Structure formats: C-alpha cells, structure tokens
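Notes to accompany the following structure.
The values are calculated or read from the model by the stated rules, or taken from the named source; none is laboratory data. Only a predicted model underlies this, so the values are computations on that prediction, with no experimental measurement involved. Backbone-built Cβ (ideal geometry, glycine too); neighbour counts: all protein chains shown.
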Amino acid sequence: MSYYEIADMEISSLIAKAREYLPADRIAPIESAYQFAAQAHEGQKRKSGEPYVQHPLEVATTLADLQLDADTLAAALLHDVVEDCGIPLHDIEANFGPEIARLVDSSTKLNTVIKPTREKKTRREPQTENLRKMLIAMAEDLRVVFIKLADRLHNLRTLHALPVEKRRAIAQETLDIYAPLAHRLGIWAVKWQLEDLAFRYLEPRQYHQIARLVSKQRAERESFINEASHVLAEGLRKAGVEAKVSGRPKHIYSTYQKMCKYSVQGKDFGDIHDLFALRVLVDKVSDCYKALGVIHSFWHPIPEEFDDLIANPKDNGYQSLHSTVMCQGTTPLEVQIRTYEMHQVNEYGVAAHWSYKEERVDKSFDNKIAWLRQLIEWQKDLSSEEFLESVKTDILIDRVFVFTPKGEIKDLPRGATPLDFAFRIHTDLGYRCIGAKVNGRLVPFSHALSNGDVVEIMAAKGERGPSLDWLNPELGYIKTSHAQTKVRQWFNKQERTQNIEAGKHLFNKEVKRLGIESVNFEEIAGLFGYESPDDFFASLGCGNISPTQVALKLTASSEQPQEIVETLPARRISPSSVKVLGTGDLLTYLANCCHPLPGDKIIGYITQGRGIAVHRKDCVNIINEVEKERLIGVAWGDVEQVYPLTIQIDAWDRVGLLRDITVIVAAEGVNINSANLKDNGNNTTSISLTLEIKDLNQLTSLTSKIYQVWGVTSVARTGRVQVGTGTQHEEGGIIAQN
C-alpha cells in the first residue's frame, strides 16, 4: 500500500472522528485544509523518513480525540505551511478566513526550534522566550497551545530520528515544561503520553526495565482486576447504582515515580499494588457517594488513603473520589469514583470546556485560567531567566488553596510561606510584612501553608523594606520566584550608598564568622567580576550576591580546620557529578558520615579550605548544624561513576550465608571492596560489605534482593563520623528490615 493510500485512510479516520461531535457543515474546512497542506508539503520528508504531511495529520487527529472545534483542526493541518513551505499568511486568510489564519500565525510564531548547545545561556534563552510567547498566546487563545501540545506529542513519537543530544534536550524540556503545562490545564490524556515518551529517551534503561516488570505481572494483575470489577459491578447493580466499572492502568513514568518514592521506604516493585486500579463512572454526584458506601461495605477502607476531590477539587479542575481498600482481605486496591462529566473534564481539562458552537461553555472558564492571566501581568517585569524560574516554581507545580481573613481564596505553589502569600496579595504588603498568623496562631515566616489555612498578614504602618535574609534559601522564608524577584527589585532600587554600606556589613559579618584576619578587597571584587570593591559591596548589599557565595570564595584558600572532620578518606568526585547551585564548578566531595548516592536528597556544607562536603539532607550532622548559613543547595549532575559505600547485613548465622549474599552482589554487577563478619552471639551475625555503587536505584535493587536471602533480618547503610571532639555512630537508615 502506497503512502498516499495510507494518508487517505488516515484523513478518513480524522474526518470520521470529527463527524462524531461536529455539525456536518463544519467538516468541509477540515477536508480543504488537508488538501491544501498535502499540496504545500508535497515532496517534503521528515527526518524519520515519512512524508511531512503525516505530521500535521497526526497533530489534528490528537486534537480530534480532544474534540476541539473545526477551526482548530484546520489550523493544526496548516500549522507548518507558512514556516516550512513559504506560503504567505494572506493566502491562508484568503482560503480559510481570518480566524484560522490567526491560529496558524500564532502557531507559527511558537515553532522556533530550540537548538541545544553546550553553553547553558544560549540553550535556555530561546527556550525561555518560546515559553513566554506560548503563555502569552495562551492568554489570547488557548487553542494555540492545544496545537503546540499535540505538535510536541507527535514530535516525541518520532524523536528516534534525531541525534542523541537533541533527543535528550527535547525530552527534558518536555518533562520540565510541556507535561506540567498539560497537567496544569488538566489534559491528562496528553500529559501521561508526554511523560512516558520523554522518560523513554531520558532514562531508556529504567524505562524498558519498568515496561518489562509491568508486562511480566500483567496477566496476574489483570485477572485480579477483572474479578474485582465483576464483583463490584454486581454489588453496585444490586444496590441500585448504575455504574460502569473498569480497570485503570498505571503508566510507566508514574510507576517510576512511585518506585522512587517506595525506594526511600526500602520497598521494591513488588510492593506497588496500584499498578492497576478500579475506576467507577456514574451519572450523578450523589451516585458517587452511594457507590463509595457500597465499596466500603464490600472491602475494608484504609482511612489515611481516602480523598474527596469532588468537594475539594484540584486547581486544574480535577474531581473524583479516591479510596484505597483491602480487597480479598490482603491486597490494597485503589478505586476512583466520578461522574461521566467529571471524567471528561479530568481527561481533557480545559479542552473539555471548548465548544464548536461558542468559544467558552461555562462562566467559570476564566477562573480556571486566572493563574495564567496573572502570570502574563508578572512577566512584564521579569528577565528571561527569572520568567522561566517563575513558571517552573510558581505555576507548573502542585498548588495549595488558602483564605484571606475575609474569605477570599488564593492559590499558591505547594510549600509556599506566609511571605509568599503577602506578595501574592500585593507587593507593598510583602514589603511591610512583620509577622503572620495562620488559623489564628502566630507562625514563623518559614511555615509551609496547607490547604484551607486562613492567613492573616501583620504589616508595619509606615514604609518598610524586606530583609536580605528573605533571599537565603536555607532559611526558607520565601519559596516563589515571584516573591524573590520583588525582594531583589526592592534592593536594586535603594540608593547605591545604602547598598554599599549594607554590603560591607554583610561582608564583615562573614569575615568575622569565618575567623579570617585579613582580606584584599580588590582581589575579592575581581573574583566576582567587579572592577572596584564598591561595585562588589553594592551588589552584595542589594542581594545580587548572596553571603553564601561570599563564604565560598573566602574559604576556597583558607587552611583553617573544618567543624565536621571525616575519619575516612574523602571521596573526591568530578565537578560534573554534583552541581553547586548558583555558582560555577567548585571542589566537591561526598561525606563519609552519610554516604550520599545519586538519587538521595542532598545538601552542601561549606568547609574551610576543602571545598563543599556533600551530605544527605537527613544526615545527623546537617540536622544538628548550628550555622545554617554554611549550607548551600547542591544537585546531582552527570554521575557516570561508582561510589564506595558500606552496608551492614544482620542475619541468623548458617552455613552458606555469605556465599548466597555474594552471589547476589555479583549478579547485580557490583564490586565488593571488603567484607567483614562479626559474631553477635545467640546464633546471629553481622556482615559489613563495602561496595562500589552507581546510584540509589542500584543500591535499592541490590538490598531488596539481599533481604530475600533466607535468614537475613535487616540491611542498612552505615557510616562513622567525628563531630567536634566526640565520635558519633550514625546508622544511615534501614533499607530493609524484617
């Protein structure tokens, strides 16, 4: 069968889908748009080898699945003809009218290809400007972004044709921006596909491993789900509740996220019971609660695993009842209950509010994208980098809903603080904030707000400015990029003389704290790229340079002893393995007190003369550290190496125990540097193994398998650290325990 025959079949499929929900007189523009696009793209091929017109056809088909209007489908078919075929926009308008031409024009302006390079700035600037344009276009007409999301989805499906570096750049951008954006708009049907496809190219080994694990147990799980579905459907029927009961598969990326969460708890893939769950669809909201009662009468509910997202919907409009029950007495089973209308909105988000008859179906539509309108107002004052950070931290993450004392609802990113709330109300209120009450009780500025909190801001009567401490990430006073930007702007507007004096005060404070006797101001200014000390002090005083960055520079050549002294040789790592946030490449090493591995949550400790010690965030030394300003944010970078780490295995002593354990270690491809055995008496033994581990996932997999060895009672990461003059033994956390 030739390509053109295949294309004719696919346009027929698109038209058939459109006919299911569009009036007959709206089909002709779609057919005309396809014929126009096929002629314009004739002879063009994509890098995957397929004729180019296949791409707009796939984009339009995705949008037809979302039941978008005829103008959107036509614009999707034409969205590349201006840029790639040189067709003048006025030809589009002459043939298809101003509405479709406007959608094509807006889509064309978003099609700038982000060309990743090794230089961070040149890579991020086009990405940021693209995102800015896309969000502004969203505020004008959301259909432009529907086209862009469908366009990205098909590009991911053919990503194999691109070079590896470009694949990873596009996949990472998808996980950072496009999938969260689809989530924020509530378009679940697109979101999970974006996540799975991007994850496939970012972590191919883990992607295929999870796919194999899911497939291996699919038959057993589906049999269990089918039986549970039948039992529940029959029970609902007898109770007089008309419902459709079906299984709900968990997708690969969400399974990966669940595995990461479980690995922290020492669990493995076999402990994940909600790879498949039940979904119950009913006609009315009252039937949702009736169905819930029936389910709880069948199976015992787990109290802490119940969410009423009908009474308290998510910020993107998602509504459902979620309950986890003990099915057949021993197996946890998640059940989702919703109406058919809720299901439509949950799958298609704001796209479900779009109609071929009129632009917006309900009056609440504007409220659903109020966050977008506000972002467009904020973006006018932000640089490209600040704008990208604002979107990622303030918009594309989970939200909490809090109340003003007058009962007005305000939504903020999860983890936001009272200061973030104050700046959300008004910039001036943020500047004058001197305290806050949550639910009538005084709370610190670092208090994380929760859903339903009533927040009251106490403000100074006269003019007042923010504190530089508010910008210290380790103190946790403000979390949103919007609030941080406003604080920086305030300091930037202050008189230069005041900034210089404030900078000198901060600098002298750091010098005194670190015990440094003499400093060459000219050299320090030069280290930060300033021509004079006054320029440096002014920048420090207005918040462009943080005291933490100053401490890093001051201690880089210091020979004074550090407070946390390692008793084992420091594990030096390459500069690319750990990134020190907000600075360039610095000397880093992994602390032996807590043995951090890629995948652990980590933080840096500024030593005096040895660079940055990288600890786990739950390390006893970090928790007990008094000088919090010596802590600095770090993140895992490129981690293509192994890390020595010691685990302790407690077990009942028996013949062949060590052999069985070492066979498992060898099968996992892990090298053993040393092994020590200790007889604990009472027929028990402890085995200490020093291993070369690649990352947390490998460690979790290995320890889970060791735990399956007969007689093993626990497996734990261990380490020893000297703090001050005393020695403290820290158990690095039980990984598996009987």
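Taking the stretch 173-203 as the search range and keeping residues that are out of contact with any Phe, Trp or Tyr (no Cβ under 6 Å at 6 or more places or on another chain) and of a type in the set (Lys, Arg), which one is nearest to Ser254 (Cα to Cα)? Among those that are out of contact with any Phe, Trp or Tyr (no Cβ under 6 Å at 6 or more places or on another chain) and of a type in the set (Lys, Arg), it is Lys191.
The test for being within 20 Å of Ile606 (Cβ to Cβ) and not assigned by TED's automatic domain parsing to the domain that holds Ala422 does not hold for Phe521.
Only one of the listed residues (Ile210, Ile170, Ile225) is of a type in the set (Val, Ile, Thr), under 26 Å from Val345 (Cα atoms) and in a helix (DSSP H, G or I). That residue is Ile225. Just one of the numbered conditions (1) in contact with a helix residue (DSSP H, G or I) (Cβ under 6 Å, 6 or more places away or on another chain); (2) surrounded by fewer than 20 Cβ atoms within 10 Å (Cβ to Cβ); (3) touching a residue at least 60 places away in the same chain (Cβ under 8 Å); (4) not charged (D, E, K, R) is not true of Leu527: (3).
Table: residues versus (1) surrounded by fewer than 19 Cβ atoms within 10 Å (Cβ to Cβ); (2) in contact with a Lys or Arg (Cβ under 6 Å, 6 or more places away or on another chain); (3) touching a residue at least 24 places away in the same chain (Cβ under 8 Å).
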| site | (1), (2), (3) |
| --- | --- |
| Tyr477 | no, no, yes |
| Gln484 | no, no, no |
| Lys493 | yes, no, no |
| Ser518 | yes, no, no |
| Ser539 | no, no, yes |
| Asn544 | yes, no, yes |
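I need the full set of residues from the stretch 496-511 which are surrounded by fewer than 19 Cβ atoms within 10 Å (Cβ to Cβ), over 13 Å from Asp534 (Cα atoms) and not aliphatic (A, V, I, L, M), in order please. If the condition is that a residue be surrounded by fewer than 19 Cβ atoms within 10 Å (Cβ to Cβ), over 13 Å from Asp534 (Cα atoms) and not aliphatic (A, V, I, L, M), then Asn508, Lys509 are the ones that fit.
Residue-wise test of (1) hydroxyl-bearing (Ser, Thr, Tyr); (2) farther than 25 Å from Leu471 by Cα; (3) under 35 Å from the mean Cα position of the chain (by Cα); (4) modelled with pLDDT under 75.
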{"site": "Glu517", "(1), (2), (3), (4)": "no, yes, no, yes"}
{"site": "Ile524", "(1), (2), (3), (4)": "no, no, no, no"}
{"site": "Tyr530", "(1), (2), (3), (4)": "yes, no, no, no"}
{"site": "Ala538", "(1), (2), (3), (4)": "no, no, no, no"}
{"site": "Leu568", "(1), (2), (3), (4)": "no, yes, no, yes"}
{"site": "Ser576", "(1), (2), (3), (4)": "yes, yes, yes, yes"}
{"site": "Val580", "(1), (2), (3), (4)": "no, no, yes, yes"}
{"site": "Tyr589", "(1), (2), (3), (4)": "yes, yes, yes, no"}
{"site": "Pro596", "(1), (2), (3), (4)": "no, yes, yes, no"}
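All of Ala635, Ala666, Ala651 fail the test of being crowded, with 17+ Cβ neighbours inside 10 Å and small (Gly, Ala, Ser), apart from Ala651.
Conditions (1) at pLDDT below 80; (2) buried (at least 21 other Cβ atoms within 10 Å of the Cβ); (3) not assigned by TED's automatic domain parsing to the domain that holds Glu58, marked per residue:
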position: Asn130; (1), (2), (3): yes, no, no
position: Lys133; (1), (2), (3): yes, no, no
position: Lys148; (1), (2), (3): no, yes, no
position: Asp151; (1), (2), (3): no, yes, no
position: Val164; (1), (2), (3): no, no, no
position: Ala169; (1), (2), (3): no, no, no
position: Leu185; (1), (2), (3): yes, yes, no
position: Trp188; (1), (2), (3): no, no, no
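Determine which single condition Arg248 fails, assuming it passes every other condition in (1) over 22 Å from the mean Cα position of the chain (by Cα); (2) assigned to a helix (DSSP H, G or I). Here Arg248 meets the rest and fails (2).
The rows are residues; the columns are (1) hydrophobic (A, V, I, L, M, F, W, C); (2) part of a helix (DSSP H, G or I); (3) in the same structural domain as Gln193 (by TED's automatic domain parsing); (4) at pLDDT 85 or above.
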| position | (1), (2), (3), (4) |
| --- | --- |
| Gly235 | no, yes, no, yes |
| Ser263 | no, yes, no, no |
| Arg279 | no, no, no, yes |
| Ala291 | yes, yes, no, yes |
| Ile295 | yes, yes, no, yes |
| Pro303 | no, no, no, no |
| His322 | no, no, no, yes |
| Leu333 | yes, no, no, no |
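The numbered conditions (1) assigned to a helix (DSSP H, G or I); (2) in contact (Cβ under 8 Å) with a residue 40 or more places away in the chain; (3) farther than 17 Å from Pro598 by Cβ are all true for Ser688 except (1).
In the stretch 445-462, the residue that is nearest to the chain's Cα centre (by Cα) out of those that are under 11 Å from Cys433 (Cα atoms) and either in contact (Cβ under 8 Å) with a residue 60 or more places away in the chain or surrounded by 13 or more Cβ atoms within 10 Å (Cβ to Cβ) (or both) is Phe445. Note on the stretch 598-633: among residues that are farther than 22 Å from Glu510 by Cβ and hydrophobic (A, V, I, L, M, F, W, C), the one that is modelled with the lowest pLDDT is Val620.
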